[in-house]
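Scroll down for the structure; my scribbles are underneath it.
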Amino acid sequence: MPSKPTTKPAPDSTRRPVLLIYPGTGLDIKAVSVFLPLSVTFLAAALERAGFEPRILDLRIEKNRAEKLREELARKPLYVGISAMTGRQLHGGLEAARLARRFSPGTPLVWGGIHPSILPEETLQNPLVDLVVTGRGEEAAVEIARRIALGEEEALRGRVIAAEPEKSGTVGPGASLEIPANRQNYITPVVGAARGLAYVSSRGCPHRCTYCYNRAVNRSRWSGDSAGSVIEYLKNQARLGIEGVIFFDDNFFVSRERVREIAAAIVELGLKLKIKADCRADYLVEYDDDFLKLLKRAGFELLYIGAESGSDRMLEMMRKDVTVAQMREANRRLARVGIRPHYSFMAGLPGEEIEDMRATMALMLRLKEEHPGAHLSPVKTYVPYPGTALFDTAVATGFKAPRSLEEWSRCNWGSRRRAWLDREKSRFVEKMTYVSLGLDTSSVELSGMDRNGFATWGFLKFAGLCRRRCRHPDLGRIPEMFLIRAARKLFAP
Ligand code: B12
Ligand code: SF4
């Protein structure tokens, strides 16, 4: 596969479309978590720029999936591209691939996305996979379409095509405002703005967290759109009535200068946008108040921060390169300028002790005390993802990892035993995930629940009880736990 991008389509290529499938993620609630399917959106934009006709089939919003797939296959696409991250999305991807094989046995099935990028050879073993693309797939998607249009399909089957390694620096905008055409399906509220859309302005991250996919897939490199092209995109979004933007970058703030330019331009142009983006606490403590105030003026209302643990020992083990002290300092600074942080936490990592977990609960309470506007996601149970250093540690402690695409697609983390956790730790993690559900009542405000309604009253009562339990070293007695366990078993995918 030549490494140079090809922009010229083969003479007859535009007569056959390219079908791109975005399978369900298992967390798909319309207007809440059904965001723009950015992977296939970016691929489609590249295909269109190269003169092909991309068609997106988003299985999260399609009612009659099999029928729709049959219709799309009747157009004789050059190939079917399937995008998937590890877990539930593989399940939907395989289901679609099975149907595609049945309806159109000769159409090549090309897989890409995070999971195939991490485990390309294993993915390729599956008979429903003809070709795997690893990494950022725009160029490869075009090149594959071109070669299939030229009749070179057989030469491609059974191959893994690795995208060019990411170059550092800025790149042009990857998306187009016209794709997908049904953008209204992906409008979600973003920090109080009713009409929000997702976007990605950079890829990769230079940090080294041992639970994260970035080292394996992006090889610790970062590249971002120039401030100018981000602004151009935001300006056009605002013109189309978009009021909020959620940036799904791995690490939006790597280039402080780029962010400064973006924020200054938003203020200068008077764009009225509410923005949510991710940030790191160690960056925030380096920023002066003028920079933070500029962010606030530009509409950066909510910063998503992967806090993960309240124990410095665990943060070190995760190679997070952030300390608890930095988190608290960043939290206080954000409180001063009125920007809300949204923290996420996890528990149950290999090597984690109950003392570490208690430290996480204590940090959660403290962050909320020191910044009452802080939003705390409930604690998540740690899941070992392939391609990460901690995954290898989990395997070394006896974790039986799935070994095929089918097994990964059926992997139910909810009931999977964490080999590295004894019974006492497992129970503690289970309690943490439950009592932390009520630690933060700002979800009432963020979700727009009726403040005087019965559901709100019930949730606030529950939240009060949770906060009392959180202060108990063993998280208190939870007599209803057997019901929670039964429900988890019943609703686990
Ligand atoms: C948005 C998002 C979500 C959304 C879903 C996506 C949506 N659009 O609605 C929601 C919130 C639902 C979600 C859920 C989860 N997510 Co998520 N999510 C993301 C996030 C932040 C952005 C994804 C994105 O749009 N990227 C931008 C696009 C352009 O990049 P891309 O997807 O990689 O696509 C490019 C290439 O991969 C390739 N490509 C992709 N598909 C294809 C297909 C073909 C044919 C080709 C040729 C190429 C190709 O080309 C694309 C264009 O360059 C990523 C982190 C990140 N920044 O990527 C995490 C991430 C994907 N999520 C992750 C995880 C762990 C989860 C959850 C398990 C979290 C949880 N504990 O609940 C759940 C999964 C659901 C479940 N039930 O299990 C991990 C995945 C790790 C892994 N091994 O797969 C990531 C990487 C975060 C991380 N740092 O760990 N997520
Ligand atoms: S800072 Fe975030 S994106 Fe970067 S390696 Fe760590 S977890 Fe991954």
Of the listed residues (V245, V267), the one being outside any helix (DSSP H, G or I), in contact with a Lys or Arg (Cβ under 8 Å, 6 or more places away or on another chain) and more than 11 Å from ligand 1 (Cβ to nearest atom) is V245
Which condition does E166 not pass, out of (1) modelled with pLDDT of 95 or more; (2) more than 8 Å from ligand 1 (Cβ to nearest atom); (3) of a type outside the set (S, T, N, Q), if it passes all the others?
-> (1)
Residue list for segment 110-128, restricted to those being surrounded by fewer than 24 Cβ atoms within 10 Å (Cβ to Cβ) and either assigned to a loop (DSSP other than H, G, I, E, B) or away from ligand 2 (no atom under 16 Å from the Cβ) (or both) = L119, P120, E121, E122, L124, Q125, N126, P127, L128
Of all residues in segment 200-233 being of a type in the set (A, V, I, L, M) and under 16 Å from R256 (Cα atoms), which is nearest to ligand 1 (Cβ to nearest atom)?
-> V230
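Yes/no per residue for (1) touching a residue at least 60 places away in the same chain (Cβ under 8 Å); (2) part of a loop (DSSP other than H, G, I, E, B); (3) among the hydroxyl-bearing types (S, T, Y); (4) in contact with a strand residue (DSSP E or B) (Cβ under 7 Å, 6 or more places away or on another chain):
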{"residue": "I21", "(1), (2), (3), (4)": "yes, no, no, yes"}
{"residue": "T25", "(1), (2), (3), (4)": "yes, yes, yes, no"}
{"residue": "K30", "(1), (2), (3), (4)": "yes, yes, no, no"}
{"residue": "A46", "(1), (2), (3), (4)": "yes, no, no, no"}
{"residue": "G51", "(1), (2), (3), (4)": "no, yes, no, no"}
{"residue": "I56", "(1), (2), (3), (4)": "yes, no, no, yes"}
{"residue": "K68", "(1), (2), (3), (4)": "no, no, no, yes"}
{"residue": "E71", "(1), (2), (3), (4)": "no, no, no, no"}
{"residue": "K76", "(1), (2), (3), (4)": "yes, yes, no, no"}
Selection from segment 25-37 of residues more than 14 Å from N185 (Cβ to Cβ) and either hydrophobic (A, V, I, L, M, F, W, C) or at pLDDT 90 or above (or both) yields T25, L27
Inside segment 129-145, can you point out the residues that are more than 16 Å from ligand 2 (Cβ to nearest atom) and touching a residue at least 60 places away in the same chain (Cβ under 8 Å)?
-> V129, T134, G137, E138, E139, A140, A141, V142, E143, I144, A145
Looking across segment 316-356 at residues that are in a helix (DSSP H, G or I) and of a type in the set (K, R), the single one that is farthest from the chain's Cα centre (by Cα) is R336
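The values are calculated or read from the model by the stated rules, or taken from the named source; none is laboratory data. As the structure is a computational prediction, the values presented were derived from the model and not from experiment. As a convention, Cβ positions derive from the backbone with ideal geometry for all residues, glycine included, and neighbour counts pool all protein chains shown.
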